[in-house]
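Everything on this sheet refers to the single structure shown next.
The values are calculated or read from the model by the stated rules, or taken from the named source; none is laboratory data. Everything numeric in this text was worked out from a predicted model, so none of it was measured. Glycine gets a Cβ as well: all are built from the backbone with ideal geometry, and neighbour counts include every protein chain shown.
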Amino acid sequence: MATCTVYTTQSLNSTCSISTSAKTHLGFHQRQVVFYSSTGKKTSKRGGSVISCAARDPQTVVIGLAADSGCGKSTFMRRLTSVFGGAAEPPKGGNPDSNTLISDMTTVICLDDYHSLDRTGRKQKGVTALDPRANDFDLMYEQVKAIKDGIAVDKPIYNHVTGLLDPPELIKPPKILVIEGLHPMFDKRVRELLDFSIYLDISNEVKFAWKIQRDMAERGHSLESIKASIEARKPDFDAYIDPQKQYADAVIEVLPTQLIPDDDEGKVLRVKLIMKEGVKHFSPVYLFDEGSTISWIPCGRKLTCSYPGIKFAYGPDTYFGHEVSVLEMDGQFDRLDELIYVESHLSNISTKFYGEVTQQMLKHSDFPGSNNGTGLFQTIVGLKIRDLYEQIVATKVGTPLEATKA
Ligand SMILES: Nc1ncnc2c1ncn2[C@@H]1O[C@H](COP(=O)(O)OP(=O)(O)OP(=O)(O)O)[C@@H](O)[C@H]1O
Ligand SMILES: O=C(CO)[C@H](O)[C@H](O)COP(=O)(O)O
């Protein structure tokens, strides 16, 4: 039972406790509502349908992760959920093709589940899945809001195996809800529900290399079909997905290396972590000296670097008119255990103990990008999200947060 403030047809702003009962309308569960007077005395046994319920207990913290398909969202999610501990798994006993991942602290829902047109429907109408007309933003907003307010919802499922819209699955409010997919920041109403937002900005060259690696090697697609699919999506990607990066609190931008002249292999990457200034509960990471402009080649006695080496950069900048701090890494690590040397020069990384970034990276050394800035910055953003969550909870319960962070 959660104590909350409900807005019903009968009484505005009453304090009550709620117990979930039956069916849903647009994903909103009807509840039995028990009213209490200000002295805590029960005043009536049954209210009406809860239209909106703002929980007074610490509510669900909502994180948005936007990126095109095949740009590393799943990998990032695995790193993020690992920071919170516990394995993330699909809902038990549910649809085997569910896109949802649940762990003790987090629930990750995939916004593909809000496609309003199935694969055939999109084909008939001549629209891609990136087109807003193929997605139900009203339902997305209503359900994310409900979860944030502590209300379980019946969320639809888009089945990537069949291309059909499957019967819904029950999503209970977690401590942290991550909404990942093509459009978490597209709709203003949904955007305003986000406590923190991330955009994975993968340059066309790198996206192409990753797609080939996955879709040719693992899914048996031809080079021509991969090229055609990227080309077909590009206009809608440019129109509806890419512009969301202006709203992100953190952007991880992945570019070809500058360490190898005219590199066309796309294996060595230059990765930027662009962090907005002035975001509540989020203080950007810095290298050596906050606010300075730094260029650092850490290769020497403490870091093994084979060709083409490693280069870090840090400094202030502007991004879509916002003040940002940018941390950049070009190159890749030879020995992941030596990452501790780099970690010890970074500040505001929200670790709970010395070496936590290195430990996380070593733990998932088999994940794509573990030897470069993609893995490093995804891990750091995961730690920043844990810190943000802890700050929000501490603010709500009114207890000061222990000073345990680096
Ligand atoms: N940091 C990385 N370095 C190298 N390759 C990567 C990296 N991240 C992802 N990839 C490649 O891209 C592929 C897709 O990654 P992932 O499944 O995490 O993306 P996704 O955005 O969840 O994709 P989708 O939405 O299509 O399921 C991986 O199989 C891998 O080949
Ligand atoms: O951009 C995508 C996000 O993952 C997919 O292409 C979209 O969801 C449609 O899926 P499918 O190709 O399985 O019909």
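For this structure, a couple of remarks:
- Taking first residues from the range 67-82 that are among the aliphatic types (A, V, I, L, M) and partners that are within 7 Å of ligand 1 (Cβ to nearest atom), the Cβ contacts under 8 Å between residues at least 6 apart in sequence or on separate chains come to ALA67/LYS73.
- Of the residues making up the range 309-322, just one is surrounded by fewer than 19 Cβ atoms within 10 Å (Cβ to Cβ) and either in contact with a Cys (Cβ under 9 Å, 6 or more places away or on another chain) or within 12 Å of VAL268 (Cβ to Cβ) (or both), namely GLY309.
- LYS267 meets all of the listed conditions (1) modelled with pLDDT of 95 or more; (2) surrounded by fewer than 16 Cβ atoms within 10 Å (Cβ to Cβ); (3) closer than 28 Å to HIS345 by Cα but one, namely (1).
- Pairs where the first residue, in the range 210-224, is touching a residue at least 12 places away in the same chain (Cβ under 8 Å) and closer than 19 Å to HIS160 by Cα and the second is within 16 Å of ligand 2 (Cβ to nearest atom) and among the hydrophobic types (A, V, I, L, M, F, W, C), C-beta under 7 Å, 6+ apart: LYS211/ILE226; LYS211/ILE230; ASP215/ILE226
- For the range 100-150, the candidate set comprises residues that are among the small types (Gly, Ala, Ser) and touching a strand residue (DSSP E or B) at 6+ places or on another chain (Cβ under 8 Å); within that set, the residue that is farthest from ligand 2 (Cβ to nearest atom) is GLY150.
- The set of residues in the range 205-238 being of a type in the set (D, E, K, R) and within 15 Å of ligand 2 (Cβ to nearest atom) consists of LYS207, LYS211, ARG214, ASP215, GLU218, ARG219, GLU231, ARG233, LYS234, ASP236, ASP238.
- Taking the criterion of being surrounded by 18 or more Cβ atoms within 10 Å (Cβ to Cβ) and either in a helix (DSSP H, G or I) or within 16 Å of ligand 1 (Cβ to nearest atom) (or both), the residues of the range 114-127 that qualify are TYR114, HIS115, ARG122.
- Pairs are defined by a Cβ separation below 9 Å, a sequence spacing of at least 6 or placement on different chains, a first member in the range 151-177 that is within 16 Å of ligand 2 (Cβ to nearest atom), and a second member that is of a type in the set (Ser, Thr, Tyr) and part of a strand (DSSP E or B); the pairs so defined are LEU164/TYR158; LEU165/TYR158; ASP166/TYR158.
- The set of residues from the range 273-286 being closer than 18 Å to LEU346 by Cα and in contact (Cβ under 8 Å) with a residue 60 or more places away in the chain comprises LEU273, PHE282, SER283, PRO284, VAL285, TYR286.
- Taken together, SER347, SER306, SER325 contain a single residue that is closer than 27 Å to ILE392 by Cα and either basic (Lys, Arg) or surrounded by fewer than 20 Cβ atoms within 10 Å (Cβ to Cβ) (or both), which is SER347.
- Residue tally, condition β-branched (Val, Ile, Thr), assigned to a loop (DSSP other than H, G, I, E, B) and closer than 24 Å to LYS363 by Cα, over the range 288-316: 1
- Taking the criterion of being within 22 Å of the chain's Cα centre (by Cα), of a type outside the set (A, V, I, L, M) and part of a helix (DSSP H, G or I), the residues of the range 341-363 that qualify are GLU356, THR358, GLN359, GLN360, LYS363.
- Hits in the range 141-184 (condition: of a type in the set (Phe, Trp, Tyr) and more than 16 Å from ligand 1 (Cβ to nearest atom)): TYR141
- The sole residue among PHE196, PHE186 that is among the aromatic types (Phe, Trp, Tyr) and within 16 Å of ligand 2 (Cβ to nearest atom) is PHE186.
- Scanning the range 311-339 for residues that are hydrophobic (A, V, I, L, M, F, W, C) and at pLDDT 95 or above yields PHE312, ALA313, PHE320, VAL324, VAL326, LEU327, MET329.
- Subset of the range 317-340 [in contact with a Ser or Thr (Cβ under 9 Å, 6 or more places away or on another chain) and not in a strand (DSSP E or B)]: PHE333, ASP334, ARG335, LEU336, ASP337, GLU338, LEU339, ILE340
- Any pair with Cβ under 6 angstrom, 6 or more apart, that starts in the range 343-371 at a residue that is on the phi < 0 side of the Ramachandran plot and touching a residue at least 40 places away in the same chain (Cβ under 8 Å) and ends at one that is β-branched (Val, Ile, Thr) and in a loop (DSSP other than H, G, I, E, B): LEU346/VAL285; ILE349/VAL285; LYS352/THR404
- The set of residues in the range 350-369 that are surrounded by fewer than 15 Cβ atoms within 10 Å (Cβ to Cβ) and among the polar types (S, T, N, Q) contains only SER365.
- The one condition in (1) under 25 Å from the mean Cα position of the chain (by Cα); (2) modelled with pLDDT under 95 that LYS384 fails to fulfil: (2)
- Within the range 364-379, if we keep just the residues that are more than 7 Å from ligand 1 (Cβ to nearest atom) and either in a helix (DSSP H, G or I) or not polar (S, T, N, Q) (or both), the residue that is nearest to GLY266 (Cα to Cα) turns out to be GLY373.
- Listed by position, the strands (runs of 3 or more DSSP E) enclosed by the range 151-249 that each have at least 2 residues that are over 21 Å from the mean Cα position of the chain (by Cα) are 165-171.
- Pairs meeting the criteria (first residue in the range 96-123 and at negative phi, second residue of a type in the set (Phe, Trp, Tyr), beta carbons under 6 Å, at least 6 apart or on different chains) are MET105/PHE84; THR106/PHE84; ASP112/TYR158; ASP113/TYR158; HIS115/TYR158.
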